[in-house]
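Okay, so here's the structure we're looking at.
The values are calculated or read from the model by the stated rules, or taken from the named source; none is laboratory data. Keep in mind that this is a model prediction, so the values were computed, not measured. All Cβ positions, glycine included, derive from the backbone under ideal geometry; neighbour counts span all protein chains shown.
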Amino acid sequence: MTLAGQVAIVTGASRGIGAAVARELAAAGAHVVVGCHAQRAKAEAVVADIVTRGGSAEASTFDVALAAEVDAAIREVVTRLGKVDILVNNAGVSADALIVRISDEQWQQVLDVNLKGVFNCTKSVARPMMRARTGRIINFSSVVGVTGNAGQAAYAAAKAGVIGFTKSTARELASRGITANVVAPGFIETEMTEGLDASTRQTYQAMIPLGRLGRAEDVAAAVAFLAGPGGSYITGQVIHINGGMYV
């Protein structure tokens, strides 16, 4: 129970990788706030699963793109539980389209959630973490954030921005005992990839030296490591979890 007594907030944790991260941190002993926006029922199901397994969790609904909602949600957690030890900025959306076809609204939504959302949540936890002189911030980028991808300019721009933002955060907060790192997954088995046809899946797998798509648990294990004792001297780094797709 390496995270016993700690409080963790995981955004976008109602399904997929976020849910796996929530379960992993709870299994390590943390009390996990399962963040969601429009999927409250699914977030409650993740909480119920964690509790059934002997863990501790609760659901919290807020839009990471709206600073006021983020501030209110995190302030409530700090007031009631006294602290936030771990923040995992996982919430994200995509709007895949070629540059000449993507709308201003699509572009802005992707940046508001995937980049501004990381800023909003980090800013809100920074002061309580600074007062405590400890904290772990783990932000989600993507392999696309370092390689780019046709048809994903908005997503790639936001995820590349997360890397730069995290490196700056690491430098600003290190003197207060706070680490900030990035995990950058490749192709991971989630609800979004379940609908891939056999040919598309085969094409993706051919791009991956390990010959398979990753599992949400592969990513969750890396997050738990960065949040735990083993990550105490790691900050400002990008951990690539992609089966060798990007080296």
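Taking the criterion of being outside any loop (DSSP other than H, G, I, E, B), surrounded by 15 or more Cβ atoms within 10 Å (Cβ to Cβ) and not aliphatic (A, V, I, L, M), the residues of the range 61-107 that qualify are T61, E69, D71, N89, Q106, W107. Based on this model, can you work out whether V125 counts as without any contact (Cβ under 8 Å) to a residue 60 or more places away in the chain, of a type outside the set (D, E, K, R) and surrounded by 20 or more Cβ atoms within 10 Å (Cβ to Cβ)? Considered against the rule, which asks whether it is without any contact (Cβ under 8 Å) to a residue 60 or more places away in the chain, of a type outside the set (D, E, K, R) and surrounded by 20 or more Cβ atoms within 10 Å (Cβ to Cβ), V125 comes out as no. The set of residues in the range 111-121 that are more than 17 Å from A184 (Cα to Cα) and buried (at least 23 other Cβ atoms within 10 Å of the Cβ) comprises N120, C121. Looking only at the range 179-236, residues that are closer than 27 Å to D85 by Cα and charged (D, E, K, R) come to 3 in all.
Of everything in the range 46-60 that's part of a helix (DSSP H, G or I) and in contact with a Lys or Arg (Cβ under 9 Å, 6 or more places away or on another chain), which residue is surrounded by the fewest Cβ atoms within 10 Å (Cβ to Cβ)? Once the filter is applied, the top-ranked residue is D49. Selection within the range 187-241: residues that are modelled with pLDDT of 95 or more and acidic (D, E). The member of this set that is surrounded by the fewest Cβ atoms within 10 Å (Cβ to Cβ) is E217. Filtered by the rule that a residue be surrounded by fewer than 17 Cβ atoms within 10 Å (Cβ to Cβ), of a type outside the set (A, V, I, L, M) and in contact with a Lys or Arg (Cβ under 7 Å, 6 or more places away or on another chain), the range 128-137 gives a lone residue, R133. Residues that are closer than 25 Å to V125 by Cα and of a type in the set (A, V, I, L, M, F, W, C) number at least 3 in the following helices (runs of 4 or more DSSP H) confined to the range 146-240: 153-173, 216-227. In the set (1) among the β-branched types (V, I, T); (2) more than 21 Å from I17 (Cβ to Cβ); (3) touching a helix residue (DSSP H, G or I) at 6+ places or on another chain (Cβ under 8 Å), the condition left unmet by T190 is number (2).
Filtering S14, S94, S60 for residues that are within 20 Å of R127 (Cβ to Cβ), in contact with a helix residue (DSSP H, G or I) (Cβ under 6 Å, 6 or more places away or on another chain) and of a type in the set (S, T, N, Q) leaves a single hit, S60. For the structure I just gave you, tell me whether T193 is in contact (Cβ under 8 Å) with a residue 40 or more places away in the chain and touching a Lys or Arg at 6+ places or on another chain (Cβ under 8 Å). No. Within the range 3-28, the set of residues being part of a loop (DSSP other than H, G, I, E, B) and either of a type in the set (G, A, S) or closer than 16 Å to G135 by Cβ (or both) comprises L3, A4, G5, Q6, T11, G12, A13, S14, A28.
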